[in-house]
Each structure stands twice: as structure tokens, then as C-alpha cells.
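Step one of this worksheet: look at the structure below.
The values are calculated or read from the model by the stated rules, or taken from the named source; none is laboratory data. Since the structure is predicted, the reported quantities are computational estimates derived from the model, not experimental observations. Counting neighbours? That spans all protein chains shown, and the Cβs are built from the backbone with ideal geometry, glycine included. Side chains included, ligands, DNA and RNA excluded: accessible areas come from the protein's heavy atoms. Shrake-Rupley method; radii C 1.70, N 1.55, O 1.52, S 1.80 Å.
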Amino acid sequence: MTDRIKDIWGARTPYTRDGQWPTRVDYSLLEGVEEEEVDTWVQSACVLCSNGCGCDIAVKDGAMVGIRGRAVDIINKGRLGPKGLFASWQGVNNKDRLTTPLIRENGRLVETDWDTAMGRIVERSRQLLKDKGPLSHGFYTSGQLFLEEYYALGVIGKAGVGTPHMDGNTRLCTATAATALKETFGADGQPGAYEDIDSCEAIFLYGHNMPETQTVLWSRILDRLAGPNPPKLVCVDPRNTEVARHAEVHLAVRPGTNLALMHALIREVLHNKWFDPAYVEEHTVGFEELMATVEEWTPEAAAEVCGVSAHDIRRAARIFGTTDRVLSTALQGFYQSNQATASACQVNNLHLLRGMLGRPGAGLLQMNGQPTAQNNRECGADGDLPGFRNWNNPEHINELAGLWNVDPAIIPHWAPPTHAMQIFRYAEQGSISFLWVSATNPAVSLPELPRIRKILAKPELFLVVQDLYLTETAEVADVALPAAAWGEKTGTFTNASRVVHLSDKAVDPPGEARSDFDIFLDYSRRMGFSNLSGQPLLSWSGPEEAFEAWKECSRGRPCDYTGLSYEKLRGGSGIPWPCTEERPDGTHRLYTDGHFPSEPDYCENFGHDLLTGAEVGPESYKAKQPNGRAWLKTTKFHPPHEEPDDEYPLLYSTGRTAYHFHTRTKTARSRPLNAAAPRMWLEISVEDAARLGIKEGDVVRVSSRRGVVEAPARVSEIRSGTVFAPFHYGYWDDPQADGNKPDEGMFRSAANELTLTEWDPISKQPVFKNAAVKVEKIRDGAGMAPAPTTTASRPAAQDSATNHSAPEGQAQ
Ligand SMILES: Nc1nc2c(c(=O)[nH]1)N[C@H]1C(S)=C(S)[C@@H](COP(=O)(O)OP(=O)(O)OC[C@H]3O[C@@H](n4cnc5c(=O)[nH]c(N)nc54)[C@H](O)[C@@H]3O)O[C@H]1N2
Ligand SMILES: Nc1nc2c(c(=O)[nH]1)N[C@H]1C(S)=C(S)[C@@H](COP(=O)(O)OP(=O)(O)OC[C@H]3O[C@@H](n4cnc5c(=O)[nH]c(N)nc54)[C@H](O)[C@@H]3O)O[C@H]1N2
Ligand code: SF4
Ligand SMILES: [Mo]
């Protein structure tokens, strides 16, 4: 195999339109271990992004020693990317795993046993429930646990504690995907499938740096591009990503202006009569309003706001409007930017206008990011109810109460569930005094870190953190619980293409670490949560029983799992839901018949006004008689709230590199990955660097109204006026940082020092991709910045200065 750090996507296996994507089996093994020395290969799927590549874990002498892609799996046909190859097993094998529970004594975390740690949690939880009631409790979980774990936590929170304050980092990640699907179609559920790459004639990537963030999916596109009849690509991203480099049209929009661009694309499709009036008439509601809202957005008007050329907008619209089979994908450049839900809904609307859904190649992927984000949305450990049920529909609440044999009154449904940013606000104000954080690291990943650090460190807040490692968040916990990792526990999860995989336990967890599933069940037992018959609320003996219970909860809902079982998921490929007795092989594409889950008694919510976020009530929803039609919803464009000014003249955006996963707890513990991107850097355009006297590698200070970051500059092909920061670099491995002695001066590398406390009014997803900053050089550098040279972050080519800059007069 080639060096898969440099060669991120591996060798090409070209194929033609409507052909089969060839297999190519990738693997990596511990140095010195040969394939035939492996004792067993244990079936799993990778948990380092939402792609969900099928894999087998190599086990030797009771330890994980490598990984191999599964050739039979429809998702990856054997391939794995750099994170799957190197961080999956290396990232959890480390010596510094948490192996015993820790409790805070005299200001320091000390080792203890499970009885003592759980005893403390239960004592505080009981006391608070008695004194302050369920609203004193908040649960903040992840997009990285297993389905069974979310379902357990969902039932505990909703029917044991009875708190509406439950959410996940999925709020930071895929809330807008879920919300846009609910607003348009009536319920969550990915309409398209990865197979659409095989058949499409064009692919639009909206704010999605797929080559770095779903490397194996990008390999599939590269293989189409290398074969006969390649698809045309259109890229909407302010940076010169690999997508942009392969694109027919690159719209390097000014961050925060996506909706203006989308309005212009829709207007072009309408004015050129590229839409399908019969489909629109039969299957949608809201056409007139959509038409009226986009009317002012000529390509010229959008070009001015977005800082791209009107000609390119027309070219992109023509590709969408005149191609029979287009696949669209959207991700964080849309979801974490200004007017996130409204922008994502316009992507849905483009497909509805052309009736471009439910056929091979005519696909829509409102992407996920994390490997199991989909399951949190399904199982209700976040701000959703299990089975995509509607909190505002009393019948749905009764169904859940029946399934769990509890009084419907305990299930919070008097208002929308509390979103993550509001949970932290309540912790700040003090109404939440018990916060349980599992499998997420908010001390690095939430916006405006100076504020978040203060909240987490509040003495009145009882903080439980459940993780593999002593993260920046775990360091300030009152109780830290050691969790078993991927490969050390069994469970299922579902990728962005709705494909469900089983991950079997391969090895024992280190020390006394326990699975999140066991920890949640233990809490429930110790709290004595029970049902109406006086039996324990959760009496499952293991994850498989939880899966069986979940199947019943999903019955008849869009995410119907009733045709799946652990048995069926073993041996072959993952299977896409809905999977039922009638559809035993699962369902690749939704909405093939143009019928959508929008009936008032079935839908997941009644939607919102896309400008203000005001809820649409059941009565006005019913009055519009959707009858299985989809909603063409939109709203007016408005600019981001924090625009550049004289003091903070540049736009600030953040995101990822191919070599690290989030706060690096796994990837930094893999030597080859860490070496590829060892430290923080900041990307700045050729023009801005020249103006500010900054050379490649010089150390710069970037400041916003909230904080400061300092790092070497990478002079890259980003659009001028925009600065980009990877958000991976917190403080756990920074020798200068000591989490127990917070000193404002040392917090200088996390991108979120600068981001702002603001969220999309509909999805409540934080705005990580728009803020105003200033940049100053603080000292000369010693050569190249410690940034990758392979991807969107590569140094600018000598002649590139004019290629990706904004038109004259729109430098910001
Ligand atoms: N290597 C790696 N892969 C990952 C992850 C990881 O941490 N590392 N995380 C996983 C997760 S949880 C997620 S959510 C996904 C995220 O995957 P992506 O969304 O692909 O990743 P990001 O880098 O956050 O953002 C994508 C692009 O948005 C662009 N952008 C910034 N502002 C704007 C804007 O206003 N408009 C537009 N149109 N574009 C803008 C950025 O230049 C960037 O290239 O990746 C998943 N895969
Ligand atoms: N500025 C900026 N900020 C961002 C983003 C951005 O683009 N820009 N992206 C946002 C997005 S999309 C996301 S998804 C978030 C990610 O943000 P986080 O969720 O905070 O990031 P991770 O580093 O993935 O944290 C997961 C934690 O769970 C632990 N863990 C892993 N597996 C298990 C397990 O099985 N059990 C338990 N108990 N723990 C486990 C890991 O060690 C790690 O500490 O960041 C968000 N923040
Ligand atoms: S593409 Fe995602 S799921 Fe597949 S190997 Fe890479 S990180 Fe893992
Ligand atoms: Mo994410």
C-alpha cells in the first residue's frame, strides 16, 4: 500500500456511470505483525466520521493490532481513509486512558472505585430532584455513542428524570440537517444514498469539504471522475479545497452569504423554466411564496453580496437546471453559517422543483458529520423524541408512555426540548446544577470558550464527565467516569446514508472502564427509576435487548428498524433503514413515490418560520393540508450579525483538516496522523498576508471581541478577506497548559476562543463559521507553518494570488 498519509484517497479504481464501484481492500497493522498472525477479525464499522465504513478489527493476544476494510460493505467496498486506518485502533490503545473513576477531593481529582463515584452522582441527583425538581438536571451527550446507549439515556432522561434539558454535540453538528429535513419533508431521514454517486451526472457540494472529512466517499467521486462519463462538480466554499480543484464551477462565496446564492440559483431555475410544474403541483406546498421571495435575487444581486461572479452563478444554475441526475450534499459551510436552516432548505427546494428525488443519481444528502449522530436524533437523547415523534402531538407522547409503561405526564412535552446552547445558559444562570457530559469535549468544541470555561468551573455546578481520556472538560469534572471505547463494547450505529452497522466487542476495556451503556443502566438502577408496574424502568441485560426494545419504538415510524437484528447485521454488509418485514433488505432511497411524511398526525414537527424561528402551531399546519406533500419553505436573506468593521476587518471561519478528528483525543494519539498536523496554524490569503506584512510561518495573533489565538500563518488559497482556523487544538497536550490553574494568558490555540455565542433560530446550531477578527504579526517565523501541504490548507501557489480572490472592491 502507498503512504496513506500523503496519499489520502489511495489508488484509483475508475468506473463508469451506472457501473459498480470496484472493491479495494485497505488495511493497517501494528508494525511487526503479519496478517496471518492475527488471532481473530471482529466485525465493526469506523467511528471517525459519518461515512461509517465497514471494517474488521484485528485482534492478537487480546489487544487491537489493526484494521481492515470490509469488501462486502456497500459503503466502502473495502476502503478506509487515514483516520480509519491509523486512529481507530491506535487512538484507543493508549497508555493514558482513564482506567478508574475519579472524584474531586479538596480541589483535585483522585482515583476511586465505581461504588463511591456512582454513589456521589446518585446522592447529588436525588437531592436535587427532591429540592429543585427535574429541571435542575441536564444531559449533554454525543454523536459518537451507540444506538443502544442513546436509547438508554433517552429513556432515563425522559421517563426517569423527566427533564427537557437533554441534547448532544449533534446540536453543533447535524441539527441543521435534521431540521431542514423536518421543515421540508415533515420528518428527519436522508432522502438519498451514497449509491447516487454511481449514477449521477453532476454533484453539488455546498460547504462540504468531503475530500478531508469523508475521505472514502470522496474516493468514490474520484473514481467516477477517473472513469468514462464523469459527473460535473460544483463547489460552494470560500477556500480552494480539493473539491474546488476538481470543480467545473467554484463559487468561493464570502462566508455567511449562502442564502443569497441559493436564492439566485432557485431564481435561475424558475426563470429558465427548468423546473417540473407537474411535480411541483402534485407534491409540494408553497411555490408562490418561494417564487416571490427569490425574485429580487438576480445573479448580479447575489454576485455582489456573495463576492463571486454572476457568470459563475449562471453556469452553476444551468448545470443544476439542465442535468437529469444531480446529487447534492451539504455540510458545515452551510449548517454552521448564517441562516443555516434556510440555506439548507433551499438545497431541498432545488431538488423538489425539478422532481429530482428518489431516482438513482437524483439524490439529496443533508450530511451528518459524526459517526452516530443519526442515532442520537432517532433515539431521543438529544432534543428529539424517540422514533422521530413530535413533542407537540399528544398521541405521540402517549405512544412513548405506552412503550415504556410510564405516566405520559413525566415525558417533557410542554415546550420544545432545550437545545445545547440553552442548557449551558441555564448552567451559567444556575437553574441547572447537575450536568452529565458523555463522549464530548465542550471545553474545546463549544463557541466562545472563555465563557464556557467559566460555566464548567462553577463550584455550584455538579459536573459528571464520561470519557476515554482526561480531556479539558474531564479535568474540571466533579466526577470523571472511565468509558469503554469502540472495539471494547458491542452496539449498532447508522451512517449518513441510513446504513446500520453492528460493531462487536473485540477486546476488554482497560482497567475498570465500563461501557456507556452499562454506566447509564447502573445510574438508572441506583436511582430506582421504575415503571407503572413498579418494575425497573430499564431491565435490559445487554445491548441486544436494548436494540430489540428500540425496534418496537421505531415500528411504523420513518426510521423503522423492525426488520433488522444483530444476527442479520453479522457477516455481510450494513443495511439501510427503513428495514421491515415487507422490506427485508432495507431501503436505499426514500420518497421514490413523491409521498412525504408530512401528515399532521405523522410528522415529526409542525415547522417554523424560517426567519424568526417562531413555531408553526398544529392548527395552522393542519389548515395548509400538506397531505403527504413537501414544503417549499424559504425566507429573506439577511447578513451575518457580526460583520467586519474598522476594528475587526476580516471574516473568521473555522473547520477541519483530514488528519485530525475534532479535539484530537484519538488522532493525536496516532503518531502518523499527529505528525501530519502537529500544531495549530491559521490560514490567510495571499493578498491579506501581503497587506499585513505576513510571510508563511510568521506567528500571528488573531483577535475577536471574545478572545485571542496565536499561531503560525499558512498563506493559502483562501478567498481574500477571510481567515480560516482548524478547531482541533485544545490544551490537553499543551505542556504550558494546566487545567487546574486556569490562567487566561495560556489559552491561545483553540479556534473557539474567538467564535461567538449565536445560533441559527430554527435548528439552534451554533454559528462557528462567521465572526469578525483582526490579524497582526507578532514575530517572524522559522520556516513553514505546521500545517498540512496536501489539502485545502496547502501553501498558495506562486501564481495563485488572483485566482481565488474576491472581485475588486469586495475584499471582505
Ligand atoms: N478529518 C476529519 N473528518 C471529519 C471530522 C474531523 O474532525 N476531521 N469531523 C466529522 C464531523 S463531526 C463533521 S460535522 C464533518 C464536517 O465536515 P465539513 O463540513 O466538510 O468540514 P468543515 O471543515 O467544518 O467545513 C466545510 C467547509 O466549509 C467551508 N466554509 C466556511 N464558511 C463557509 C460559508 O459561509 N459558506 C460556505 N459555503 N462554506 C463555508 C470551509 O472553508 C470548509 O472547507 O466532518 C466529519 N469528518
Ligand atoms: N470552531 C468550531 N467548533 C466546532 C466545529 C467547527 O467546525 N468549528 N464543529 C462542531 C462539530 S460539527 C462537532 S461534531 C463538535 C465535536 O466536538 P466534541 O464532541 O467535543 O469533539 P470530540 O473530540 O470528538 O469529543 C468526543 C469525546 O468523546 C470521547 N469518546 C470517544 N468515544 C467515546 C465513547 O465510546 N464513550 C465515551 N464516554 N467517550 C468517548 C473522546 O475521547 C472525546 O473526548 O465540535 C463542534 N465545534
Ligand atoms: S471515511 Fe470516515 S468512516 Fe471511513 S475510514 Fe475514514 S474516518 Fe472512518
Ligand atoms: Mo460534527
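Within the set Pro412, Pro442, Pro482, the sole residue that is within 16 Å of ligand 4 (Cβ to nearest atom), within 24 Å of Ile156 (Cα to Cα), touching a residue at least 40 places away in the same chain (Cβ under 8 Å) and crowded, with 22+ Cβ neighbours inside 10 Å turns out to be Pro442.
Scanning the stretch 658-684 for residues being of a type in the set (Lys, Arg), more than 10 Å from ligand 1 (Cβ to nearest atom) and under 15 Å from Ala751 (Cα atoms) gives a total of 1.
Yes or no: the stretch 572-585 includes at least one residue that is open to solvent by less than 50 Å² (accessible area, probe 1.4 Å), touching a strand residue (DSSP E or B) at 6+ places or on another chain (Cβ under 6 Å) and not in a loop (DSSP other than H, G, I, E, B). Checked the stretch 572-585: at least one residue is open to solvent by less than 50 Å² (accessible area, probe 1.4 Å), touching a strand residue (DSSP E or B) at 6+ places or on another chain (Cβ under 6 Å) and not in a loop (DSSP other than H, G, I, E, B). Selection of helices (runs of 4 or more DSSP H) fully inside the stretch 167-284 by the criterion of at least 1 residues being modelled with pLDDT of 95 or more and under 30 Å from Pro726 (Cβ atoms) returns 170-173, 175-185, 196-199, 210-213, 215-226, 242-246, 258-271.
Among the numbered conditions (1) more than 16 Å from ligand 1 (Cβ to nearest atom); (2) modelled with pLDDT of 95 or more, the only one that Phe747 does not meet is (2).
Restricting the first member to the stretch 43-60 and to residues that are in the same structural domain as Asn495 (by TED's automatic domain parsing), and the second to residues that are away from ligand 2 (no atom under 14 Å from the Cβ), no beta-carbon pair is closer than 8 Å while six or more apart or on different chains. Looking across the stretch 100-133, just one residue is touching a residue at least 40 places away in the same chain (Cβ under 8 Å), open to solvent by 50 Å² or more (accessible area, probe 1.4 Å) and in contact with a Pro (Cβ under 8 Å, 6 or more places away or on another chain), and that is Asp113.
Per-residue answers, yes or no, for (1) surrounded by fewer than 24 Cβ atoms within 10 Å (Cβ to Cβ); (2) under 25 Å from the mean Cα position of the chain (by Cα); (3) at pLDDT below 95; (4) of a type in the set (Val, Ile, Thr):
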| position | (1), (2), (3), (4) |
| --- | --- |
| Leu468 | no, yes, no, no |
| Thr471 | no, yes, no, yes |
| Asp478 | yes, no, no, no |
| Ser497 | no, yes, no, no |
| Asp504 | yes, yes, no, no |
| Asn531 | yes, no, no, no |
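Of the residues Ala187, Ala177, Ala193, Ala159, the single one that is open to solvent by less than 10 Å² (accessible area, probe 1.4 Å), within 16 Å of ligand 2 (Cβ to nearest atom) and touching a residue at least 40 places away in the same chain (Cβ under 8 Å) is Ala177.
The C-beta contact set for the stretch 81-95 (first residue under 17 Å from Gly511 (Cα atoms) and away from ligand 1 (no atom under 12 Å from the Cβ), second residue open to solvent by 10 Å² or more (accessible area, probe 1.4 Å) and outside any helix (DSSP H, G or I), distance under 6 angstrom, 6+ apart or interchain) comprises Gly91/Lys666. Of the residues Arg514, Arg453, which single one is modelled with pLDDT of 95 or more and not assigned by TED's automatic domain parsing to the domain that holds Val161? None of the others qualify; the one that does is Arg514. Among the residues making up the stretch 643-686, those that are within 13 Å of ligand 2 (Cβ to nearest atom), outside any loop (DSSP other than H, G, I, E, B), farther than 21 Å from Glu758 by Cα and open to solvent by less than 10 Å² (accessible area, probe 1.4 Å) are Thr667, Leu682. Annotation for the stretch 541-556: at least one member residue is part of a helix (DSSP H, G or I), among the hydroxyl-bearing types (Ser, Thr, Tyr) and over 22 Å from Gly119 (Cα atoms).
Tell me, yes or no, whether the stretch 542-564 has at least one residue that is farther than 22 Å from Asp188 by Cα, among the small types (Gly, Ala, Ser) and surrounded by fewer than 14 Cβ atoms within 10 Å (Cβ to Cβ). Checked against the condition, which is being farther than 22 Å from Asp188 by Cα, among the small types (Gly, Ala, Ser) and surrounded by fewer than 14 Cβ atoms within 10 Å (Cβ to Cβ), the stretch 542-564 yields no hits at all.
Selection of the stretch 596-654 for residues being aromatic (Phe, Trp, Tyr) and either under 26 Å from Gly355 (Cα atoms) or at pLDDT below 95 (or both) yields Phe596, Tyr602, Phe606, Tyr621, Trp631, Phe637. Residues in the stretch 704-723 that are buried (at least 22 other Cβ atoms within 10 Å of the Cβ), among the basic types (Lys, Arg) and in a loop (DSSP other than H, G, I, E, B): 1 in all.
Within the stretch 67-91, how many residues turn out to be of a type in the set (A, V, I, L, M) and surrounded by fewer than 23 Cβ atoms within 10 Å (Cβ to Cβ)? Count: 3. The set of residues from the stretch 342-380 being within 16 Å of ligand 4 (Cβ to nearest atom) and β-branched (Val, Ile, Thr) comprises just one member, Thr372.
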